[in-house]
Number of protein chains: 2
Amino acid sequence: MSDVARLAGVSKMTVSNVVNNRAGVSDPVRRRVLDAIQQSGYRVNLSARTLKSGRTGIIGLAVPEIHSPYFGHLAAHVIARAAQQGFHVAIEQTGAAAAGEIDAIAHSHTLHFDGLILSAVELDRADPRLAGAAYPIVMLGEQDFGGRFDHVAMPNEDGTYAATTHLIDRGCRDIAIVTGNALEGVNVVTRRYQGYLAALAERGLQPDPALLVTVDTMTMDSGRAAGHRLADSRHKVDGVVAVTDTVAQGVLRGLADRGLRVPGDIRLIGFDDIPQAEFMVPSLSTVAPDHQWMAAKAVELLTGRIGAPARETTEYTAPFELMVRESTT
Amino acid sequence: MSDVARLAGVSKMTVSNVVNNRAGVSDPVRRRVLDAIQQSGYRVNLSARTLKSGRTGIIGLAVPEIHSPYFGHLAAHVIARAAQQGFHVAIEQTGAAAAGEIDAIAHSHTLHFDGLILSAVELDRADPRLAGAAYPIVMLGEQDFGGRFDHVAMPNEDGTYAATTHLIDRGCRDIAIVTGNALEGVNVVTRRYQGYLAALAERGLQPDPALLVTVDTMTMDSGRAAGHRLADSRHKVDGVVAVTDTVAQGVLRGLADRGLRVPGDIRLIGFDDIPQAEFMVPSLSTVAPDHQWMAAKAVELLTGRIGAPARETTEYTAPFELMVRESTT
DNA sequence: TTGTAAGCGTTATCAT
DNA sequence: ATGATAACGCTTACAA
């Protein structure tokens, strides 16, 4: 910057004013400075600007894992949206563990992110380590934090309710649910399970404990094992609600391993509408929350709070659509 | 830092020495300083450190799109590996366009990344804008840049050769290839096409122009359309080599749309071994490059060059394995 | 073993 | 409209 100033015959301050498009610089001077910038190949040093301003222009996005169609998809939207607002996104992987989620918060602090979008799946609202965060956090999609944070929620309960009702409408009566094993507290697993129970109850169907299949992780592998368990059990099953599309993909494969056909023998529905859902054979019916909407709201809430830290927290729930495809035909 | 120094009754410099684990600090002083750090909740300011040292500790990773199982998977490995070496990873999306790839380079500059891992799919080795980069770049996986950059290559030609040979071994004689439309120059598309041609030639099969199906983008959508074209043509086809697993997923779906069975009517093989390949119905045979190895090499090359900028460029080609699954049984 | 001084590149403030 | 100065928090070089 000193070089540019010398070249243009002005002070560093004037260069700064030109670089930042501030008013109060005469046209000829501005031109001279711009020329000097061209000539010297000058570029602002963001570290210096950050040091001075206390802002990095970077927001963190903490997700369980960036591979995983759902979070990858979401991340792509967040990155695009943040860019529109002049923010860069740094991605942290939490590994779907409470410790990783806390680490992400600490990291954000160390790296001086301006804020953090946290897709928490394990962290408890009561976790004392949550108190430490000294900058804006927006919770995305999962746990309930009782109004302590801005929150963009998934339509967990309503979505699964709609999915289960759809299976009943298609004539299913023995509907299994494949879900996580954290059936206590308020989290994605419990809320989706509640939606399933609510739909059964409304249609006068009894939930059968034998039709509750829990998995440790939300992976295709776990889903496949769940599919095996369903196929190998003596229980009649004519429909399956899977907690996520990724798990559904595994369930589908597990049923195929045992020679069961979807939708011929068993109907299957997922949750998320990952890009692959439409291309599976059979294509997967699913609950499709509006990912783009979620990303936009999350970024909007975060940048809003960066501007006004003391504002009241807000909670949004994403709209969703039921995508009916071959797997429930 | 001044606060900590005052609290511990030492100078800022001593605090710095303790924070950076430097030798030459007596044990009692070190303890006092650590206590003071605890008490005050002090954390180093990375911006200040960066400003002083000229290094950010952040490396950029530019990929066409972070959703996309292949790049998501690769990114996860790169992030993990870089973390081991004390680097953070910022992800840039290029949108599979040369302009986006150039932007990523410029961005890296602005954001003062210490280096960039660039998964270039469109950028040409002759592109003049490539000259600008004033920091280390490692090319990952695709284009050939004639030794100008450190490069971790995919086993493009050998992989497709092996895939095609495998189909021939399974009795296929009319083998189509679904690939990109950039059939000139040295890039992933041409090299994989060469591997296909080489395998046909070695087994005395004539390449049939009608069996070359090109797509604009490496997406499931494009693959599906290609599947339709193959099914609707009058040509006999008994095997398909797809340029990527993602495209293969689309081809499989496109063939299913037309009532064609894999592997019954047509055998299909992909490239990449994305996590979904194993879970597709039928499961997808594919060429499996060692992603973890690639990520590790890329990070290693980059950090090596950050340490020694003038070193000779190196080129590695990833090892691969042929995964034989149901789609070619 | 510890401390002092200067400077990394930028910008806010105040002066001209 | 433009400039001088100081400060952001840290580390290198040197002095004690």
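The values are calculated or read from the model by the stated rules, or taken from the named source; none is laboratory data. Bear in mind that the values here come from a model prediction, so they are computed numbers and not experimental data. All Cβ positions, glycine included, derive from the backbone under ideal geometry; neighbour counts span all protein chains shown. Heavy atoms of the whole protein, side chains included, go into the accessibility calculation; ligands, DNA and RNA do not. Shrake-Rupley method; radii C 1.70, N 1.55, O 1.52, S 1.80 Å.
Looking only at the range A:17-29, residues that are within 11 Å of DNA strand C (Cβ to nearest atom), surrounded by fewer than 16 Cβ atoms within 10 Å (Cβ to Cβ) and at negative phi come to 2 in all. Which pairs turn up if I take residues in the range A:213-232 that are free of Cβ contacts under 8 Å to residues at least 60 places away in the same chain and look for partners that are open to solvent by 50 Å² or more (accessible area, probe 1.4 Å) with beta carbon separation below 6 Å, at least 6 apart in sequence or on another chain? As it stands, the answer is A:Val213/A:Arg229; A:Thr214/A:Asn181; A:Ala231/A:Arg258; A:Ala231/A:Leu260, since those pairs meet every condition given. Scanning the range B:283-306 for residues that are open to solvent by 60 Å² or more (accessible area, probe 1.4 Å) and either out of contact with any Pro (no Cβ under 9 Å at 6 or more places or on another chain) or under 18 Å from B:Gly60 (Cα atoms) (or both) yields B:Gln292, B:Glu300. For the condition within 12 Å of DNA strand C (Cβ to nearest atom), assigned to a helix (DSSP H, G or I), over 39 Å from the mean Cα position of the chain (by Cα) and touching a residue at least 12 places away in the same chain (Cβ under 8 Å), A:Thr50 does not qualify. Could you say whether any residue in the range A:33-47 is assigned to a helix (DSSP H, G or I) and within 11 Å of chain B (Cβ to nearest Cβ)? Yes, there is a match, as at least one residue in the range A:33-47 is assigned to a helix (DSSP H, G or I) and within 11 Å of chain B (Cβ to nearest Cβ). Does B:Arg224 satisfy the condition of being surrounded by fewer than 20 Cβ atoms within 10 Å (Cβ to Cβ) and either within 26 Å of A:Pro69 (Cβ to Cβ) or polar (S, T, N, Q) (or both)? Judged against the criteria, B:Arg224 is not a match.
For the range B:36-65, residues that are closer than 23 Å to A:Ala76 by Cα and open to solvent by 30 Å² or more (accessible area, probe 1.4 Å) total 2. Filter the range B:53-71 for residues that are within 8 Å of another protein chain (Cβ to nearest Cβ) and within 13 Å of DNA strand C (Cβ to nearest atom) and give the result. Passing the criteria: only B:Thr56. Looking at the range B:102-206, the strands (runs of 3 or more DSSP E) lying wholly inside it that each contain 2 or more residues that are modelled with pLDDT of 95 or more sit at B:175-180. Beta carbons closer than 6 Å, at least 6 apart along the sequence or on distinct chains, pair a first residue in the range B:1-13 that is in contact (Cβ under 8 Å) with a residue 12 or more places away in the chain and β-branched (Val, Ile, Thr) with a second that is part of a helix (DSSP H, G or I) and within 9 Å of DNA strand D (Cβ to nearest atom) for B:Val4/B:Val15. Quick one: is A:Gly57 at positive phi and within 8 Å of DNA strand D (Cβ to nearest atom)? The answer is no for A:Gly57. Out of curiosity, is B:Leu212 more than 25 Å from the chain's Cα centre (by Cα) and farther than 21 Å from B:Glu321 by Cβ? Taking the combined requirement at face value, the residue satisfies it.
Looking across the range B:72-81 at every residue that is surrounded by fewer than 23 Cβ atoms within 10 Å (Cβ to Cβ) and more than 8 Å from chain A (Cβ to nearest Cβ), the one that is nearest to A:Leu74 (Cα to Cα) is identified as B:His77.
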